[in-house]
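Comments concern the structure below.
None of the figures in this text is laboratory data; all of them are computed from the coordinates on show. Everything numeric in this text was worked out from a predicted model, so none of it was measured. Cβ placement follows ideal geometry from the backbone for every residue including glycine, while neighbour counts extend to all protein chains displayed.
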Amino acid sequence: MRRLIRGTRLVLATHNKGKLQEIAALLAPHEVAVVSAGALGLDEPEEDAPDFTGNARIKALAATEASGLIALADDSGFCVAGLGGAPGVHSARWAGPTKDFVGAMARVEGELADDADRRAWFAAALCLAWPDGETATFFGRVEGSMVWPPRGKRGFGYDPVFLPAGGRLTFGEMAPEAKEAISHRARAFAQLRAACLT
Ligand code: IMP
C-alpha cells in the first residue's frame, strides 16, 4: 500500500474543527500536515452510502478531486443491535440541525422495546484518497451496550449511553485518554498508521 511520506500536506475532508484538531494531532508526529476542506472552500458532498466505509470514500474522493491534494476522510456513528444497527450512518442526523444529542439518545431508548437486544457499538471508517483515484480504507469498532439513563458529562454525541464491554464507566464518564485507548476512531487510525505512515 502507498505510504504518506514525511512532509506531505493533505486535505482533511471535514468542516468540523474538533475533528480537524484531533486528526492533525495524530498525524503531526509523522510530519504530515493537514488543511481542512472548509478552509479550502470545498463543498460537502452528499453522504448517501449505506455504510461508514462508503461515506468516508465519497468524502475523500470528492476532496482529492476538488483540491488536487491527497485527502483523508472519516465517517463514524453509534449502532444498536436491537435497532438493526441504527442510528448508524444517520447518527448525526438523529440529533437534527440543532445537534440535540440528548434528544437523539432519548429517541434510541424510546425505539428500543423492553426486551430488545441492547448490545451496541461505535464504528469509524477512515479513507485516504490520492488524486489519481486510488483509495485505502480502514475500519475500527468498539463493542459494548446501550445504557439508560445517560451517565457522565464528558465526551460528546452518544458517549453518555455507551458502556464499553467489560467496563464500569460509560464513555461519558471516562477520562478522555481512557476513551482514546479503546475508541473506534483510535482503532481505525492505528490501522492507517501501520499501513500508510512512516
Ligand atoms: P459524522 O460526522 O458523519 O461521522 O457523524 C458522526 C456522528 O456519530 C457524530 O455526530 C456523533 O453523533 C456520533 N459519534 C461518532 N463517534 C462518536 C463518539 O466517539 N462518541 C459519541 N458519538 C459519536
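Once both axes come from the Cα atoms, what is the angle between helix 17-27 and the longest principal axis of the chain, in degrees from 0 to 90, rounded to 10? Roughly 60 degrees between the two axes.
Relative to the longest principal axis of the Cα atoms of the chain, helix 101-111 runs at roughly 50 degrees. Projecting the Cα atoms of F122, A39, I23 onto the charge dipole of the chain (Cβ charges, centred on the Cα centre) puts I23 farthest toward the positive pole. Using only Cα atoms and rounding to the nearest 10 degrees, what angle (0 to 90) does helix 52-67 make with the longest principal axis of the chain? Result, in degrees: 30.
Remark: S67, S183 ranked as S67, S183, counting other beta-carbon atoms within 10 Å and listing the fewest first. Pairs of lysines in the chain whose Cα atoms sit within less than 17 Å of one another amount to 7, provided the residues are eight or more positions apart or on different chains. Between the stretch 1-78 and the stretch 150-181, the C-alpha centres lie 26 angstrom from each other. Given +1 at the Cβ of Lys and Arg, -1 at the Cβ of Asp and Glu and no other charges, the dipole of the stretch 64-110 around its Cα centre is 160 debye to the nearest 20. Each peptide in 38-48, 113-123 receives the mean, over its residues, of other Cβ atoms within 10 Å, and ordering these scores from highest gives 113-123, 38-48.
Of the beta bridges DSSP finds with both residues in the chain, what % are antiparallel, to the nearest 5?
Restricted to the chain, the bridges split so that about 80 percent are antiparallel.
From the helices alone, meaning DSSP H stretches of at least four residues, give me the mean residue ellipticity at 222 nm for the chain, per-run term -39500 (n - 2.57), in deg cm²/dmol to the nearest 500. Write down the numbers at each step before the final one.
On the way: 6 runs with 62 residues, N = 198.
Taking each H run of at least 4 residues, the total per residue is -9500 deg cm²/dmol.
For the chain, the Cβ-based charge dipole about the Cα centre amounts to some 700 debye (Lys, Arg positive; Asp, Glu negative; other atoms uncharged).
Please compute the net charge surrounding D43, taking Lys and Arg as +1 and Asp and Glu as -1 over other residues with Cβ under 13 Å from its Cβ.
Details: positive: K59; negative: E44, E46, E47, E65.
Every neighbour counted, the sum reads -3.
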